[in-house]
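Visitor: Below is one structure. I have some questions about it.
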Amino acid sequence: QVQLVESGGGLVQAGGSLRLSCAVSGSDFSINAMGWYRQAPGKQRELVAGFSSGGRTDYADPVKGRFTISRENAKNTGYLQMNSLKPEDTAVYYCNARVYHSRGYYYTDVWGQGTQVTVSS
């Protein structure tokens, strides 16, 4: 069974930085694509950043130039570097990975439990 765990959230002042990590563990799998989402109170979950199977990265307009998504294949870990944080970035951040299972030749989407990011003004 493949599992995903996010970490790195916390409380930071406006203008500060945080780096979120998304560690995927299990056996007989590879990460095909990965995305970071966030959900603020009373709002729908939205895509913040992601990279596709072809390696292309995409960012939501509000975070362009401030957030950077990356991955470390050897560790099956993805990262979201968040700089110049604003109070409106406050949300629970979730990682999603599209995982290919080499035993069975199928894909699944795996979600983490989320990590809280709070930006104070």
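The values are calculated or read from the model by the stated rules, or taken from the named source; none is laboratory data. Keep in mind it's a predicted model, so treat the numbers as computed, not measured. A quick note on method: Cβ atoms are made from the backbone with ideal geometry, for glycine too, and the neighbour counts reach across all protein chains shown. For accessibility, only protein heavy atoms count, side chains too; no ligands or nucleic acids. Shrake-Rupley method; radii C 1.70, N 1.55, O 1.52, S 1.80 Å.
Visitor: Does at least one position in the stretch 24-38 carry a residue that is charged (D, E, K, R) and touching a Leu at 6+ places or on another chain (Cβ under 9 Å)?
Guide: Yes: the stretch 24-38 contains one or more residues that are charged (D, E, K, R) and touching a Leu at 6+ places or on another chain (Cβ under 9 Å).
Visitor: Here's something else I'd like to know. Report, ordered by the first and then the second residue, all pairs with beta carbons closer than 8 Å, sequence separation of six or more or different chains, a first member in the stretch 65-93 that is more than 16 Å from Ser21 (Cβ to Cβ) and open to solvent by less than 10 Å² (accessible area, probe 1.4 Å), and a second member that is modelled with pLDDT of 95 or more and of a type in the set (D, E, K, R).
Guide: Filtered contacts from the stretch 65-93: Leu85/Arg66; Asp89/Arg38; Ala91/Arg38; Ala91/Lys43.
Visitor: While we're on this one: Working only within the stretch 53-75, note down all residues that are in a loop (DSSP other than H, G, I, E, B) and either closer than 19 Å to Gly15 by Cβ or at pLDDT 95 or above (or both).
Guide: Residues satisfying the conditions are Ala60, Lys64, Gly65, Arg66.
Visitor: Is it the case that Ala60 is touching an Asp or Glu at 6+ places or on another chain (Cβ under 9 Å), open to solvent by less than 50 Å² (accessible area, probe 1.4 Å) and without any contact (Cβ under 8 Å) to a residue 40 or more places away in the chain?
Guide: Judged against the criteria, Ala60 is a match.
Visitor: Quick check: anything in the stretch 35-48 exposed (fewer than 15 other Cβ atoms within 10 Å of the Cβ), within 14 Å of Gly8 (Cα to Cα), within 14 Å of the chain's Cα centre (by Cα) and of a type outside the set (A, V, I, L, M, F, W, C)?
Guide: Within the stretch 35-48, not a single residue is exposed (fewer than 15 other Cβ atoms within 10 Å of the Cβ), within 14 Å of Gly8 (Cα to Cα), within 14 Å of the chain's Cα centre (by Cα) and of a type outside the set (A, V, I, L, M, F, W, C).
Visitor: Would you check which residues across the stretch 94-120 are in a loop (DSSP other than H, G, I, E, B) and open to solvent by 20 Å² or more (accessible area, probe 1.4 Å) and list them?
Guide: Ser102, Arg103, Gly104, Tyr105, Gln113
Visitor: Right, next: Every residue in the stretch 80-93 that is part of a strand (DSSP E or B) and either among the β-branched types (Val, Ile, Thr) or within 17 Å of Met34 (Cβ to Cβ) (or both), please.
Guide: Within the stretch 80-93, Leu80, Gln81, Met82, Val92, Tyr93 meet the criteria.
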